[in-house]
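No lab work stands behind these numbers, since they all come straight from the coordinates. Predicted, not measured: the structure shown is a model, and the values here were computed from it. Cβ placement follows ideal geometry from the backbone for every residue including glycine, while neighbour counts extend to all protein chains displayed.
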Amino acid sequence: MGTIGIEWVQKYNGLQGNLSNTKAQAEGFYNTLSATRQFNWGDDLAWDQDFEQSGEGSPTAGTDTTWADDVDFVFFSGHGSPSGFLFGKSIDDAVARPGDIAWGNRQLEWIALDACNVLERDGVFNRWGWPVFEGLHTILGFHTTTGDEPDRGRLLAQYLNAGWSVREAWIRCCQDTEGSATWWAYLRADAAGTDTYNDHWWGKGSVSNDPSNPTSLFYARGTC
Amino acid sequence: MTLSVNFNARIDFPKVVPVLGTIPPEWDLKRAGSLARALGTRIKVVDAGPWYIARDERLAVEVYQGSNSFRFTRRDVDGEARDGTDGAPDRDTAIAIAQEWLAPYWPADAEVDIDSVTEREILVATRDEREPKQLLAGLDVNVRFAHRGFALLGSGAKAKVAVRRDGSVSEAYRFWRDLAPNGEATTRSLDELYERFSASDLFADLTDNSARAEVVSARFGYLTLPPTEPMPELSPVLELQGTLETEHQRYDFTRYVAAVAPDDRDRDRKVTNAHPALVIA
């Protein structure tokens with residue numbers, strides 16, 4: 001059985017506007033997916049350094065090998081922007097930026113960043129490109145803004161449990177929960193001998209080998 | 001000190017609006033199987049909790065048990081157009097194909113509007129090429145529904161048909177709930193709705209010194225929940241769109257404020273979803 005972790009932020013302590021449904025959204029994923037649950041950090045206990053690589057970026061206080069990169073699937077719910085996803089506690093600098101991140105060199109295969117604009121099309125490969133993918137299979141996110149809603153994490157887990165591939169499950173749960181002005185997006189890596197297009201959740205279908213040294217990145221987007 | 005929200009949108013909406021109840025869907029394995037067969041598969045339908053599903057390597061039909069909704073998917077085509085099917089039909093052709101495909105499934109009590117036609121786009125980057133390659137996996141024809149002139153907001157009242165270059169339909173869905181008007185309700189005033197929005201948790205920790213907030217558009221409508229969710233009544237809401245700017249970031253928001261107070265509803269009726277979680281009470 002695969003392992004999962006979630007982080008969510010509702011109270012932004014004046015750094016951003018507060019959100020109302022990120023806890024329900026992330027915990028819906030956590031409590032529904034057939035998985036071994038490893039961590040659930042919310043509000044002031046959710047830190048950007050949990051997602052960052054030690055020694056990368058500035059500040060260099062990343063601890064992802066203990067948290068985000070120590071499980072198979074992570075779900076984050078909170079604010080975002082093309083330059084990163086945002087936290088309410090300034091332990092580090094309250095932003096997990098692509099330049100601070102290298103995922104998959106330990107464990108992480110998939111991450112859902114349920115936050116606005118993180119996978120905005122323009123410049124996506126320059127932001128979330130080669131240095132981020134060190135074995136990671138897929139980043140799930142949005143090209144546009146997205147709603148502060150409570151159901152998407154649970155639905156993602158239900159679709160994964162029902163045997164849909166990771167990309168199919170993400171598209172479905174986004175279409176179920178957003179109007180057609182919202183654009184889902186994902187970014188995945190492949191290499192010789194890998195097939196992340198057909199990835200499923202552990203125990204529900206095929207799972208690709210890790211693209212530890214990817215040769216291709218695929219960015220896809222469509223309206224919900 | 002609190003944050004002052006700048007409201008640059010004024011709208012008129014009725015003081016009394018219909019209560020839009022929904023008729024529970026009557027799906028069962030037999031009805032779901034009939035729909036699946038009409039959509040081209042004789043695969044046995046299975047009960048998978050929120051859905052009835054008929055699925056094999058060629059196609060899938062998913063029927064949402066919580067509403068009058070379904071989804072159709074071709075599973076023998078590549079969703080990233082890596083099978084040499086890159087491209088899309090022209091916009092008018094895609095619309096015509098979508099309308100023909102959806103024609104048997106238009107809700108009887110809905111007004112239909114082609115909301116947008118959008119590209120399903122794939123960008124492929126390789127280490128040895130400077131610019132990513134662009135592929136199109138077809139066009140999405142997006143349809144919105146309204147009822148008696150009222151906008152139906154949210155994700156639970158819409159349809160989509162994805163049309164490939166060769167004119168075939170690769171994916172489609174129709175999300176809908178059959179409606180049964182059930183009396184009337186008195187709406188809150190626009191000023192009260194704005195006050196409730198200003199007092200919402202969105203702005204709780206912000207002040208005029210640290211942020212700026214502006215509402216640029218407002219419209220009245222009925223919020224519809226995801227098609228997986230049972231919903232005895234649609235929620236009359238004011239949809240507010242605007243921008244919030246803090247020291248760190250500027251971003252757009254869409255929020256829904258309950259346009260009818262629960263006290264204004266008939267006390268005899270059972271209202272089980274008076275204010276969904278994504279509505280500001």
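Rounded to two decimals, what is Rg over Rh for region B:84-176 when you use alpha-carbon atoms and the Kirkwood radius?
1.10
What Kirkwood hydrodynamic radius do you get for the protein assembly as shown when you take the inverse of the mean 1/r over all pairs of distinct Cα atoms, in Å?
By the Kirkwood definition, the hydrodynamic radius is 23.4 Å.
Provide the percentage of antiparallel DSSP beta bridges, counting only those with both residues in chain B; round to the nearest 5.
Close to 90 percent.
What number, in nm² with one decimal, is the all-direction average of the projected area of the convex hull of the alpha-carbon atoms of chain B?
19.0
Could you compute Rg(Cα) / (2.2 N^0.38 Å) for region B:146-221, with N its residue count?
Here the answer is 1.71, to two decimals.
Measure nothing fancy, just the Cα-based angle from helix B:91-102's long axis to the longest principal axis of chain B, in degrees from 0 to 90, nearest 10.
Relative to chain B, helix B:91-102 is tipped by roughly 90 degrees.
Sort out for me the Cα centre separation of region B:231-245 from region B:89-151, rounded to whole Å.
Cα centroid of region B:231-245 versus Cα centroid of region B:89-151: 24 Å apart.
Determine the gain in length on full extension of the stretch B:D56-B:T126; use 0.36 nm per residue of separation and subtract their C-alpha separation, reporting nm with one decimal. All intermediate terms of the calculation are to be shown ahead of the outcome.
On the way: separation 70, 0.36 × 70 = 25.20 nm, distance 3.27 nm.
Going from the current span to full extension adds 21.9 nm.
Which shape class applies to region A:1-73: rounded if a/c is under 1.5, otherwise prolate when a/b exceeds b/c and oblate if not, where a ≥ b ≥ c are the square roots of the Cα gyration tensor eigenvalues?
On the way: a/c = 3.22, a/b = 1.05, b/c = 3.07.
Here region A:1-73 falls in the oblate category.
Just checking the output field for B:243-252: average partner chain Cβ neighbours within 10 Å of each residue's Cβ? Intermediate values should be presented prior to the final figure.
Numbers: counts 0, 3, 1, 6, 3, 9, 12, 1, 9, 4.
Per-residue shielding by partner chains comes out at 5.
How many angstrom lie between the C-alpha centres of region A:17-66 and region A:164-182?
Going from one Cα centre to the other spans 22 Å.
Given axes a ≥ b ≥ c from the Cα gyration tensor, I'd like to know whether region A:85-196 is rounded (a/c under 1.5), prolate (a/b larger than b/c) or oblate. Each step should come with its number before you reach the end.
Values: a/c = 1.57, a/b = 1.11, b/c = 1.42.
Oblate shape, in that a/c is at least 1.5 and b/c is the bigger or equal ratio.
Is there a simple number for the mean count of other chain Cβ atoms within 10 Å of the Cβ of residues in B:109-120, and what is it?
Per-residue shielding by partner chains comes out at 2.
If I model a spin label as a point 7 Å beyond the Cα along the Cα-Cβ vector, how far apart are those points for A:T60 and B:E119 in nm?
With each label point 7 Å from Cα toward Cβ, the separation is 4.2 nm.
Can you tell me the length gained on complete extension of the stretch B:K15 to B:D47, counting 0.36 nm per residue apart and subtracting the Cα distance?
In short, 7.2 nm is gained.
Given a cut-off of under 8 Å on Cα pairs at least six residues apart, what relative contact order in percent is computed for region B:115-218?
RCO, region B:115-218: 16 percent.
Just for chain A, what percent of DSSP beta bridges are antiparallel, to the closest 5?
45
Considering every residue in A:171-178, what mean count of other chain Cβ atoms within 10 Å of its Cβ is obtained?
Partner-chain Cβ atoms within 10 Å, mean over residues of A:171-178: 6.
Cα-based count: Lys pairs in the protein assembly as shown below 17 Å, eight or more positions apart or different chains?
Taking the protein assembly as shown as the scope, the lysine pair count is 4.
Computed FRET efficiency, Cβ-Cβ of B:T2 and B:E184, R0 45 Å: what is it to the nearest 0.05?
Given R0 = 45 Å and the Cβ-Cβ separation, E is 0.80.
Amide H neighbours of B:H147 under 5 Å, counting only residues 5+ apart in sequence or on other chains, H built in-plane at 1.01 Å?
B:E111, B:L152
Using R₀ = 41 Å, calculate the FRET efficiency as 1/(1 + (r/R₀)^6) where r is the Cβ-Cβ separation of B:L136 and B:R250; round to 0.05.
0.85
Estimate the FRET efficiency between B:L29 and B:A204 by the formula 1/(1 + (r/R0)^6), using the beta-carbon distance for r and 56 Å for R0, to the nearest 0.05.
FRET efficiency, B:L29 to B:A204: 0.70.
Would you kindly compute the Cα radius of gyration of region A:3-223 and its largest Cα-Cα separation (Dmax), both in Å?
So, for region A:3-223, Rg and Dmax equal 15.4, 47 Å respectively.
Just check region B:1-45 against the gyration tensor rule for me: Cα atoms, a ≥ b ≥ c as the square roots of the eigenvalues, rounded for a/c under 1.5, and otherwise prolate or oblate depending on whether a/b exceeds b/c.
Since a/c reaches 1.5 and a/b is larger than b/c, the shape of region B:1-45 is classed as prolate.
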